[in-house]
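Step one of this worksheet: look at the structure below.
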Amino acid sequence: METGVLGEQIPATVTNVNLYNDSGNVTYQKDQTGITFQKGNYTISYQGTLRDDHILLALPEVTSADVHLPTGLDVRNPLIGQYSPGGKVSVDDQGQVSIHWDRTSYVEVRYYDQTRESLLYMFANIWVVVAIVLLTPYLLMRRRKL
């Protein structure tokens, strides 16, 4: 599901839906808004379009979950990225970021790209320079009074 403007749930459009169990691929019934299958222990994978730099997933019960971000996207800077509690972040050799939760019923990921991180550092540097320029006269005048 995706979140709408008012917080309502909107079915997400996904492709390459695969359902697995211990013995391999499992067949499932597909309709316009979801899939149905027999009760059991399954792994589901699918691909979808990333929008709004935000992934939100509400699971019907506590389970494990993994999110794999494409190369170039990241969540490790706490000022501009985040992931729901309990997630463990890892990065592979190609730079793909993955987040794993052992037991969760809720997954939220706010990710960013390299451009956004560069803009954050540029903005921070500008404000450090402004602070130095504005504080220097004050500190010099205060020092003279002592």
Just to be sure I understand the model, the point goes 7 Å from the Cα along the line to the Cβ. What's the resulting ASP53 to THR27 distance in nm? 4.5 nm
Ignoring ligands and nucleic acids, what accessible area does SER90 show with a 1.4 Å probe (Å², nearest 10)? 60 Å²
(1) 38, 16, 14; (2) 46, 16, 14; (3) 22, 19, 15, with the label sought being that of the calculated semi-axes √(5λ) of the Cα gyration tensor in Å: (2)
Give me the extension gain from GLN38 to VAL89: residue separation times 0.36 nm, minus the current Cα-Cα distance, reported in nm with one decimal. 15.2 nm
May I ask you to rank TYR112, TYR42 by accessible area, largest first, using a 1.4 Å probe over the protein chains only? TYR42, TYR112
Where does the chain land at 222 nm, in deg cm²/dmol rounded to the nearest 500, when only DSSP H runs of n ≥ 4 count, each adding -39500 (n - 2.57), divided by all residues? -8000 deg cm²/dmol
Run the 1.4 Å probe and let me know the accessible area of SER23, rounded to the nearest 10 Å². 110 Å²
Projected label distance in nm at ARG116 and ARG103, using a 7 Å step from Cα toward the beta-carbon: 3.1 nm
Mind checking the full-extension length gain between THR13 and VAL130? Use 0.36 nm per residue of separation minus the Cα-Cα distance, one decimal, nm. 37.5 nm
By accessible area with a 1.4 Å probe, ligands and nucleic acids excluded, highest first: order of ARG76, ARG116, ARG103: ARG103, ARG76, ARG116
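The values are calculated or read from the model by the stated rules, or taken from the named source; none is laboratory data. All of these numbers come straight from a predicted model, not from anything done at the bench. Reconstructed Cβ throughout: ideal geometry from the backbone, glycine too, with neighbour counts over all protein chains shown. These area figures cover heavy atoms from the full protein model, side chains too; ligands, DNA and RNA do not enter into them. Shrake-Rupley method; radii C 1.70, N 1.55, O 1.52, S 1.80 Å.
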